[in-house]
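This report concerns only the one structure given below.
The values are calculated or read from the model by the stated rules, or taken from the named source; none is laboratory data. Predicted model only: the values in this text are computed from it and were never measured. Note that we place each Cβ from the backbone using ideal geometry, even for glycine, and neighbour counts take in every protein chain shown. When the accessible area is computed, the model is the full protein with side chains, heavy atoms only, and any ligands, DNA or RNA have been set aside. Shrake-Rupley method; radii C 1.70, N 1.55, O 1.52, S 1.80 Å.
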Amino acid sequence: QVQLVESGGGLVQPGGSLRLSCAASGRFFSINAMGWYRQAPGKQRELVAAIHMIGVTDYATSVKGRFTISRDNAKNSVYLQMNSLKPEDTAVYYCNLATMGTNYWGQGTQVTVSS
(Lines give C-alpha, C1' and ligand atoms only; values in the text may rest on other atoms or scores of the structure.)
Protein backbone atom coordinates (compact mmCIF):
# COMPACT_ATOMS: atom_id res chain seq x y z
CA GLN A 1 0.00 0.00 0.00
CA VAL A 2 1.34 3.38 -0.98
CA GLN A 3 1.22 6.23 1.52
CA LEU A 4 2.01 9.87 1.03
CA VAL A 5 2.55 11.77 4.26
CA GLU A 6 2.47 15.55 4.06
CA SER A 7 3.56 18.12 6.59
CA GLY A 8 4.31 21.81 6.87
CA GLY A 9 0.99 23.53 6.35
CA GLY A 10 -0.38 26.17 8.65
CA LEU A 11 -1.39 29.78 9.08
CA VAL A 12 0.92 32.50 7.82
CA GLN A 13 0.63 36.22 7.21
CA PRO A 14 0.75 37.65 3.70
CA GLY A 15 4.33 37.90 2.53
CA GLY A 16 5.39 35.03 4.74
CA SER A 17 6.86 31.63 3.89
CA LEU A 18 6.04 27.99 4.42
CA ARG A 19 7.74 24.76 3.41
CA LEU A 20 5.68 21.69 2.60
CA SER A 21 7.13 18.20 2.73
CA CYS A 22 5.83 14.92 1.38
CA ALA A 23 7.32 11.46 1.86
CA ALA A 24 6.17 8.44 -0.11
CA SER A 25 6.33 4.93 1.29
CA GLY A 26 5.16 1.50 0.20
CA ARG A 27 5.59 -0.43 -2.99
CA PHE A 28 5.23 1.30 -6.33
CA PHE A 29 6.71 1.19 -9.76
CA SER A 30 9.10 3.74 -11.16
CA ILE A 31 8.19 7.30 -10.35
CA ASN A 32 7.45 9.55 -13.30
CA ALA A 33 6.93 12.70 -11.31
CA MET A 34 6.02 14.09 -7.92
CA GLY A 35 4.17 17.29 -7.37
CA TRP A 36 1.79 19.49 -5.45
CA TYR A 37 -1.79 20.39 -6.25
CA ARG A 38 -4.15 22.64 -4.35
CA GLN A 39 -7.85 23.08 -3.99
CA ALA A 40 -9.53 26.19 -2.64
CA PRO A 41 -13.17 26.17 -1.47
CA GLY A 42 -15.52 26.11 -4.43
CA LYS A 43 -12.71 25.64 -6.93
CA GLN A 44 -11.25 22.73 -8.86
CA ARG A 45 -8.01 21.11 -7.85
CA GLU A 46 -5.14 22.66 -9.76
CA LEU A 47 -1.49 21.91 -10.34
CA VAL A 48 0.87 24.06 -8.31
CA ALA A 49 4.22 22.53 -9.20
CA ALA A 50 5.64 19.23 -10.37
CA ILE A 51 9.09 17.80 -10.74
CA HIS A 52 9.84 14.99 -13.13
CA MET A 53 12.42 12.35 -12.41
CA ILE A 54 14.61 13.73 -15.18
CA GLY A 55 14.65 17.03 -13.30
CA VAL A 56 12.24 19.07 -15.37
CA THR A 57 9.92 21.27 -13.33
CA ASP A 58 6.50 22.73 -14.06
CA TYR A 59 4.87 25.61 -12.20
CA ALA A 60 1.50 27.25 -12.29
CA THR A 61 1.82 30.75 -13.67
CA SER A 62 0.44 32.20 -10.44
CA VAL A 63 3.31 30.80 -8.34
CA LYS A 64 6.30 31.21 -10.66
CA GLY A 65 9.07 33.11 -8.97
CA ARG A 66 7.58 32.57 -5.53
CA PHE A 67 7.44 28.79 -5.09
CA THR A 68 10.23 26.28 -5.58
CA ILE A 69 9.78 22.53 -5.84
CA SER A 70 12.59 20.12 -5.03
CA ARG A 71 12.99 16.42 -4.39
CA ASP A 72 15.12 13.86 -2.65
CA ASN A 73 15.04 10.71 -4.77
CA ALA A 74 16.73 8.59 -2.13
CA LYS A 75 13.92 9.41 0.32
CA ASN A 76 11.10 9.40 -2.25
CA SER A 77 10.30 12.86 -0.99
CA VAL A 78 9.23 16.14 -2.52
CA TYR A 79 9.24 19.62 -1.03
CA LEU A 80 7.57 22.91 -1.84
CA GLN A 81 9.15 26.12 -0.61
CA MET A 82 6.53 28.84 -0.72
CA ASN A 83 7.65 32.45 -0.37
CA SER A 84 5.82 35.76 -0.67
CA LEU A 85 2.56 34.03 0.13
CA LYS A 86 -0.68 35.74 -0.81
CA PRO A 87 -4.22 35.30 0.50
CA GLU A 88 -5.15 33.68 -2.82
CA ASP A 89 -2.68 30.89 -2.05
CA THR A 90 -5.04 29.72 0.69
CA ALA A 91 -6.09 26.14 -0.09
CA VAL A 92 -5.65 22.52 0.84
CA TYR A 93 -2.40 21.35 -0.71
CA TYR A 94 -2.13 17.76 -1.89
CA CYS A 95 0.99 15.79 -2.65
CA ASN A 96 0.88 13.71 -5.82
CA LEU A 97 2.97 10.74 -6.90
CA ALA A 98 2.68 9.74 -10.55
CA THR A 99 3.94 6.31 -11.54
CA MET A 100 3.40 4.21 -14.64
CA GLY A 101 -0.36 4.38 -14.99
CA THR A 102 -1.23 5.20 -11.38
CA ASN A 103 -1.61 8.44 -9.44
CA TYR A 104 -1.37 8.50 -5.66
CA TRP A 105 -2.53 11.32 -3.39
CA GLY A 106 -1.78 12.51 0.09
CA GLN A 107 -4.46 13.43 2.58
CA GLY A 108 -3.88 17.15 2.11
CA THR A 109 -2.51 19.88 4.32
CA GLN A 110 -4.19 23.22 4.91
CA VAL A 111 -2.36 26.42 4.03
CA THR A 112 -4.03 29.62 5.15
CA VAL A 113 -2.62 33.03 4.29
CA SER A 114 -4.28 35.72 6.34
CA SER A 115 -3.49 38.72 8.48
Discussion item. Looking for something free of Cβ contacts under 8 Å to residues at least 24 places away in the same chain and either assigned to a loop (DSSP other than H, G, I, E, B) or surrounded by 19 or more Cβ atoms within 10 Å (Cβ to Cβ) (or both) - is there at least one such residue anywhere in region 10-33?
Written reply: no
Practice prompt. Tell me which residues, restricted to region 69-100, are touching a residue at least 60 places away in the same chain (Cβ under 8 Å) and not in a strand (DSSP E or B).
Written response: Asn83, Ser84, Leu85, Lys86, Pro87, Met100
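Filter region 83-103 down to the residues that are within 16 Å of Gln3 (Cβ to Cβ) and of a type in the set (A, V, I, L, M), then identify the one that is nearest to the chain's Cα centre (by Cα).
Leu97
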Worksheet, complete the sentence: Over region 99-115, the set of residues closer than 18 Å to Ser21 by Cβ, hydrophobic (A, V, I, L, M, F, W, C) and open to solvent by less than 60 Å² (accessible area, probe 1.4 Å) is Val111
Item to complete: Could you please give the count of residues in region 68-86 that are of a type outside the set (Lys, Arg) and open to solvent by 70 Å² or more (accessible area, probe 1.4 Å)?
Response: 3
Response to the item:
Those residues of region 18-44 which are basic (Lys, Arg) and over 12 Å from the mean Cα position of the chain (by Cα) amount to Arg27, Lys43
Worksheet entry | Selection status of Gln44, surrounded by fewer than 16 Cβ atoms within 10 Å (Cβ to Cβ) and at pLDDT 95 or above | yes
Discussion item. If I ask for residues that are in a strand (DSSP E or B) and over 17 Å from Gly16 (Cα atoms), which ones from region 43-68 would you list?
Written reply: Glu46, Leu47, Val48, Ala49, Ala50, Ile51, His52, Thr57, Asp58, Tyr59
Worksheet entry | Matching residues in region 47-67 - criterion: being at pLDDT 95 or above, open to solvent by less than 80 Å² (accessible area, probe 1.4 Å) and either under 12 Å from the mean Cα position of the chain (by Cα) or not charged (D, E, K, R) (or both) | Leu47, Val48, Ala49, Ala50, Ile51, Thr57, Asp58, Tyr59, Ala60, Ser62, Val63, Phe67
